[in-house]
Amino acid sequence: MKRSVTIFVSLSFLLFGCAGSGEDTESVHLIRVAQKARNGSNQEAALNFYKRAKELDPDNGQIYLGISEVYMDMKLLDAAEEYLKMAEDRGASKSKICYVRGKIYLLSGKLDLAEKEFLKFENADSLNALGAIYDNKHQHEKAQKFYKQVIAKEPNYIDAYNNLGLSLLLQNKFNDAIFYLENACSFPEANIHYRSNLALAYGLSGNMKKAREIYSKDYEDEALEERIANLEDILADRQRQ
């Protein structure tokens, strides 16, 4: 059976806690805990923490923006749009509003509308997202220019390294792809998703020993063997083409 290679680029965006008065301390703490839960892919917990923060600080647009992102993670795009409008009405950052709206359009398959939103503010998040759009349009060299702009602006932006590596991988530029994916995996916040991308790149380059070594950091026994078998099937399909 033919195995296909599916590669996902990353769109990351962190809402930073704002400084506030003593009365704001609890809501700011809840926002940060919600962000941590969301970063750990625990959307239900993130949503609960954001809603508790909303009860304490109902006019804080940042909270509604966070809720919008969580609903977007859950693919509940109507709810995401609803809370994004609430965030906008409460004075949330215009650049962040455009970025989240662009992500909603991107998830809805409305690439042209997403592109317009991301072009409104050329910050690192938007440039990274533009790269994702052009990779979706199979304009990989154009996408790679945007990822490199992100790295130039923010050298610690992990997803730019990850996405640049995956974009190069889509062009079968294995050595360059591995270089940038290794960079992504060198960051302290690198997780299983980044390491799996690196293992995939090594596997597609034919270095199954290295792919196994990386996969074994997160998988063992049957799960590990399943990953290796999938890579071997992909390589066999590519050789038959």
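The values are calculated or read from the model by the stated rules, or taken from the named source; none is laboratory data. These figures come from a predicted structure and were not determined experimentally. Neighbour counts run over all protein chains shown; Cβ positions are idealised from the backbone, glycine included.
Just a few scattered comments:
- For the stretch 218-241, the tally of residues that are surrounded by 13 or more Cβ atoms within 10 Å (Cβ to Cβ) and in a loop (DSSP other than H, G, I, E, B) stands at 2.
- Tabulated pairs, the stretch 40-59, first surrounded by 12 or more Cβ atoms within 10 Å (Cβ to Cβ), second not hydrophobic (A, V, I, L, M, F, W, C), C-beta under 6 angstrom, 6+ apart or interchain: Q43/D73; A46/R38; Y50/G66; A53/S27; L56/E26; L56/S27; D57/S27
- For E225: the one exception among (1) in contact with a Phe, Trp or Tyr (Cβ under 6 Å, 6 or more places away or on another chain); (2) more than 24 Å from N136 (Cα to Cα): (1)
- Scanning the stretch 168-211 for residues that are among the aliphatic types (A, V, I, L, M), surrounded by 15 or more Cβ atoms within 10 Å (Cβ to Cβ) and within 17 Å of I228 (Cα to Cα) yields a count of 7.
- Scan of the stretch 142-156 for residues that are within 21 Å of K110 (Cα to Cα) and either hydrophobic (A, V, I, L, M, F, W, C) or out of contact with any helix residue (DSSP H, G or I) (no Cβ under 7 Å at 6 or more places or on another chain) (or both), ordered by number: A143, F146
- Candidates are the residues of the stretch 51-78 that are over 22 Å from D125 (Cα atoms) and assigned to a helix (DSSP H, G or I); the one that is nearest to the chain's Cα centre (by Cα) is D78.
- D135 being outside the structural domain of E213 (by TED's automatic domain parsing) and surrounded by fewer than 20 Cβ atoms within 10 Å (Cβ to Cβ): no
- Listed by first and then second residue, the pairs with beta-carbon distance under 6 Å, at least 6 apart or on different chains, first residue in the stretch 158-187 and touching a residue at least 60 places away in the same chain (Cβ under 8 Å), second charged (D, E, K, R), are S167/D135.
- Restricting the stretch 142-192 to residues that are out of contact with any Ser or Thr (no Cβ under 8 Å at 6 or more places or on another chain) and of a type in the set (D, E), the residue that is nearest to S41 (Cα to Cα): E189
- With respect to the conditions (1) acidic (D, E); (2) part of a helix (DSSP H, G or I); (3) under 18 Å from the mean Cα position of the chain (by Cα); (4) surrounded by fewer than 22 Cβ atoms within 10 Å (Cβ to Cβ), E88 falls short on a single one, namely (3).
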